[in-house]
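S.K.: After the structure tokens below, expect a handful of questions from me.
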Amino acid sequence: MLEHPGPYRLRHLLSRARFDRDRARAETARLVVRELAGQDVVLVADETEDAKSSTDCVGAGRQYSGAIKGVGLCRAAVHLTVVTESVRVVIDRALCLPGDWAADEESREAAGVPEGVMFLRWCSQCE
């Protein structure tokens, strides 16, 4: 078991460390390509709705969720996963913003949602 003299490294990671998401995704994709080369690989795109307890959560809104088998306060995201016979690795994800969240400039700014992220109506059942 790996032991540390205190909780300071973990606290730094959780509260002050800089994390480059784009670089992490690129490194993960490179690692997956290198390690899984020559294996039968399937890419899976999966939309998942996670139940949330507050509308303060970025992208949370009342919508249908298969996870809760009905309409509730949820946040939807699409995950891209590499799957082999023995490995499943998420290599990318995108948050889906409901129309009211995408239009609320104050909430977007407070949550750090970039200006380029927008709501796109792609089906007749979308808000």
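S.K.: Grab the beta carbon distance between TYR8 and ASP104, set R0 = 35 Å, and tell me the FRET efficiency rounded to 0.05.
M.R.: The formula returns an efficiency of 0.40 here.
S.K.: Something else: Along the principal axes of its C-alpha atoms, what lengths does the range 42-111 span, in descending order and rounded to whole Å?
M.R.: Computed over the Cα atoms, the extents are 44, 28, 17 Å.
S.K.: Would you mind working out the magnitude of the charge dipole of the range 42-111 relative to its Cα centre, with +1 at each Lys and Arg C-beta and -1 at each Asp and Glu C-beta, to the nearest 20 Debye?
M.R.: 300
S.K.: OK, next. Grab the DSSP H runs of the chain that are 4 residues or longer, score each as -39,500 (n - 2.57), total them, divide by all residues and round the 222 nm result to the nearest 500 deg cm²/dmol.
M.R.: Computed mean residue ellipticity for the chain: -8000 deg cm²/dmol.
S.K.: Using the Karplus curve 6.51 cos²θ - 1.76 cosθ + 1.60 with θ = phi - 60°, work out ³J(HN,Hα) for each residue of the range 54-59 in order, rounded to whole Hz, and write x for Gly and Pro.
M.R.: After applying 6.51 cos²θ - 1.76 cosθ + 1.60, I find 8, 6, 5, 5, 3, x Hz.
S.K.: Count neighbours as other Cβ atoms within 10 Å of each site's Cβ, and list the GluC sites (Glu not before Pro) in the range 1-54 that are DSSP loop with at most 13 such neighbours.
M.R.: The qualifying sites are GLU3.
S.K.: Now for a different question. Compute, for the chain, the length of the dipole vector about the Cα centre, with Cβ point charges of +1 (Lys, Arg) and -1 (Asp, Glu) only. Units Debye, rounded to 20.
M.R.: Roughly 420 debye, rounded to the nearest 20.
S.K.: Turning to a different aspect of this structure: Please list the three semi-axes, largest first and in whole Å, of the ellipsoid equivalent to the chain, using sqrt of 5 times the eigenvalues of its alpha carbon gyration tensor.
M.R.: Output for the chain: semi-axes of 29, 23, 16 Å.
Just so you know, all these numbers are worked out from the coordinates, no wet-lab data involved. On a predicted model such as this, the values are computed, not experimentally measured, just so you know. Every residue, glycine among them, receives a Cβ derived from its backbone with ideal geometry; neighbour counts consider all protein chains shown.
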